[in-house]
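Here's the structure we're looking at; comments come further down.
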Amino acid sequence: MLIETPRYTERFGSVRIHGTQRVLELDSGDEEEALLEPAVRKISRQAIAQIEKRMAIVIPIKGEELKLFEGVLSGIPHNCLIIVVSNSQREPVDRYRMERDALEHFCKFTKRPAVIIHQKDRVIAEALKKAGYRSILGEDGLVKDGKAEGMILGILLAKLAGKDYVGFVDADNYMPGAVHEYVENFAAGFTIPESPFVMVRNAWLFKPKILGTDVYFKKWGRVSELTNQHVNSIISAHTHFETEVIKTANAGEHALSMPLASILPFASGFAVEPYELMFIFEQFGGIKPTAYKEVVEKGIDIYQIETRNPHFHKEKGDKHVAEMLLASLAAVYYSSICDEETKKAIRNDLARHKVSPANREPPKPVIYPPIKNVNIDAFREAVKEIIPAVETMFKNSLTAKRK
Ligand code: GDP
Ligand code: CO
């Protein structure tokens with residue numbers, strides 16, 4: 001892959017927020033040449049494959065069409081471990097069963113390992129109890145609904161498999177080619193940094209909408225535009241320099257290095273993506289003292305890579321957008337570094353978009369603790385029964401890593 005080096009990097013305490021990087025060639029061949037130009041960086045297929053062997057891709061899914069799911073699977077590069085966390089219905093039609101069958105079928109022909117679990121599996125809930133992570137359990141003792149809750153389970157499984165990187169790809173992507181690019185971008189991002197604490201976020205150049213019979217290549221989604229604006233306004237308020245560096249506040253397609261994934265707390269539901277950024281800025285923006293000395297020493301790198309493929313996913317209607325906007329802006333609003341000016345602007349935006357009245361504060365997001373203290377051996381032991389092939393499924397990836 002031939003990729004621009006970041007044109008600028010915004011420093012915020014120990015955090016290096018890199019400006020968006022354009023992809024010049026999706027595939028730049030085998031040769032690992034020295035920099036052709038200081039402005040571009042060449043990443044060979046082998047270098048990308050090496051990272052992909054150490055990466056798990058988590059697909060959260062809830063009731064998506066099977067055809068979309070199968071398309072997404074076909075786009076995940078062969079060397080990545082696939083982890084599917086489903087919250088699809090079991091009755092009257094067992095959609096989870098259908099997803100599992102589709103995945104098994106896929107693995108049989110592609111000869112690759114994969115894991116699928118259901119978010120509401122009682123064994124998973126019990127395993128979490130034994131491993132000392134009860135926060136995502138609801139009153140019924142099972143894991144709560146929500147994409148973020150599914151992502152947390154995905155990260156735990158990736159950790160169990162000994163992976164060094166974990167990426168997320170939604171199951172409702174229409175274009176397998178785009179999925180493939182997202183993952184390649186993650187891998188490319190992980191070849192760049194010095195720090196072990198890295199996040200790679202995909203920036204969509206275009207998010208097309210169908211207007212009548214035409215496709216309109218819209219630059220931003222509605223929710224992203226507003227969230228980016230407020231996150232940037234917080235950074236600007238603290239650094240005293242206006243910035244537009246953040247373009248990916250809502251990037252569902254993003255990836256984390258395991259050391260970073262282990263220390264991040266996660267917000268529930270759709271607040272999860274912007275909250276990751278807010279937490280990092282709060283903790284490591286140099287505003288408050290932090291207990292994580294190693295992170296301060298090494299810094300955190302946030303890369304934002306512009307995708308060449310337009311982002312086409314299932315449009316879920318205005319109610320869904322309103323819900324996302326509320327959750328997403330609430331994550332920004334309740335950050336301890338959110339200034340009064342930005343808070344007011346958020347309340348106004350929520351009112352303008354008729355999501356909540358201007359005089360009312362948005363509901364506070366639920367925050368789950370980081371997984372760093374989870375007893376992963378206890379978790380492994382307890383999930384054995386539902387992932388009987390856990391050792392064999394993971395074996396390929398583990399041997400690949402040792403090589
Ligand atoms: P958007 O793309 O951000 O508008 O949100 P979506 O509704 O498309 O959700 C993103 C992904 O998360 C999709 O693949 C959904 O199927 C999946 N998802 C939504 N809710 C849940 C859930 O409760 N659990 C899991 N595991 N996945 C979910
Ligand atoms: Co979607």
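Looking at segment 126-140, is at least one residue out of contact with any Cys (no Cβ under 6 Å at 6 or more places or on another chain), within 16 Å of ligand 2 (Cβ to nearest atom) and in contact (Cβ under 8 Å) with a residue 40 or more places away in the chain?
No, segment 126-140 contains no residue that is out of contact with any Cys (no Cβ under 6 Å at 6 or more places or on another chain), within 16 Å of ligand 2 (Cβ to nearest atom) and in contact (Cβ under 8 Å) with a residue 40 or more places away in the chain.
Matching residues to (1) free of Cβ contacts under 8 Å to residues at least 12 places away in the same chain; (2) acidic (D, E); (3) not in a loop (DSSP other than H, G, I, E, B):
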| residue | (1), (2), (3) |
| --- | --- |
| S233 | no, no, yes |
| F241 | yes, no, no |
| V245 | no, no, no |
| T248 | no, no, no |
| P259 | no, no, yes |
| A271 | no, no, yes |
| E282 | no, yes, yes |
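Is segment 86-106 home to any residue that is buried (at least 24 other Cβ atoms within 10 Å of the Cβ) and either more than 11 Å from ligand 1 (Cβ to nearest atom) or not in a helix (DSSP H, G or I) (or both)?
The answer is yes, given that some residue of segment 86-106 is buried (at least 24 other Cβ atoms within 10 Å of the Cβ) and either more than 11 Å from ligand 1 (Cβ to nearest atom) or not in a helix (DSSP H, G or I) (or both).
Out of A322, A267, I need the residue that is over 19 Å from the mean Cα position of the chain (by Cα) and buried (at least 16 other Cβ atoms within 10 Å of the Cβ). Which one?
Answer to the check: A322.
Out of segment 149-171, which residues are open to solvent by 10 Å² or more (accessible area, probe 1.4 Å) and either aromatic (F, W, Y) or within 16 Å of ligand 2 (Cβ to nearest atom) (or both)?
Scanning segment 149-171 gives Y165, D170.
Of all residues in segment 53-73, count the ones that are more than 16 Å from ligand 2 (Cβ to nearest atom), open to solvent by 10 Å² or more (accessible area, probe 1.4 Å) and within 19 Å of the chain's Cα centre (by Cα).
Counting residues in segment 53-73 that are more than 16 Å from ligand 2 (Cβ to nearest atom), open to solvent by 10 Å² or more (accessible area, probe 1.4 Å) and within 19 Å of the chain's Cα centre (by Cα) gives 2.
Please work out which residue is most open to solvent (accessible area, probe 1.4 Å), limiting yourself to segment 341-371 and to residues that are touching a residue at least 24 places away in the same chain (Cβ under 8 Å), outside any loop (DSSP other than H, G, I, E, B) and closer than 26 Å to I235 by Cβ. Even if it seems obvious, please write down each step before you answer.
Of the residues in segment 341-371, the ones touching a residue at least 24 places away in the same chain (Cβ under 8 Å) are 341-342, 345-346, 349-350, 353-356, 361-371.
Next cut, outside any loop (DSSP other than H, G, I, E, B) only: 341-342, 345-346, 349-350, 367-368, 371.
Narrowing further to those that are closer than 26 Å to I235 by Cβ: 341-342, 345-346, 349-350, 367-368.
Values: E341: 144, T342: 3, A345: 38, I346: 0, D349: 10, L350: 1, I367: 70, Y368: 5 Å².
So, considering only residues that are touching a residue at least 24 places away in the same chain (Cβ under 8 Å), outside any loop (DSSP other than H, G, I, E, B) and closer than 26 Å to I235 by Cβ, the one most open to solvent (accessible area, probe 1.4 Å) is E341.
Look through segment 284-308, keep the residues that are under 25 Å from T191 (Cα atoms) and among the polar types (S, T, N, Q), and return whichever of them is surrounded by the most Cβ atoms within 10 Å (Cβ to Cβ).
Selected residue: Q304.
The values are calculated or read from the model by the stated rules, or taken from the named source; none is laboratory data. All values reported here derive from a predicted model rather than from experimental measurement. Don't worry about glycine lacking a Cβ; one is built from the backbone with ideal geometry, like all the others, and counts go over all protein chains shown. Note: areas computed on protein heavy atoms with side chains; ligands, DNA, RNA excluded. Shrake-Rupley method; radii C 1.70, N 1.55, O 1.52, S 1.80 Å.
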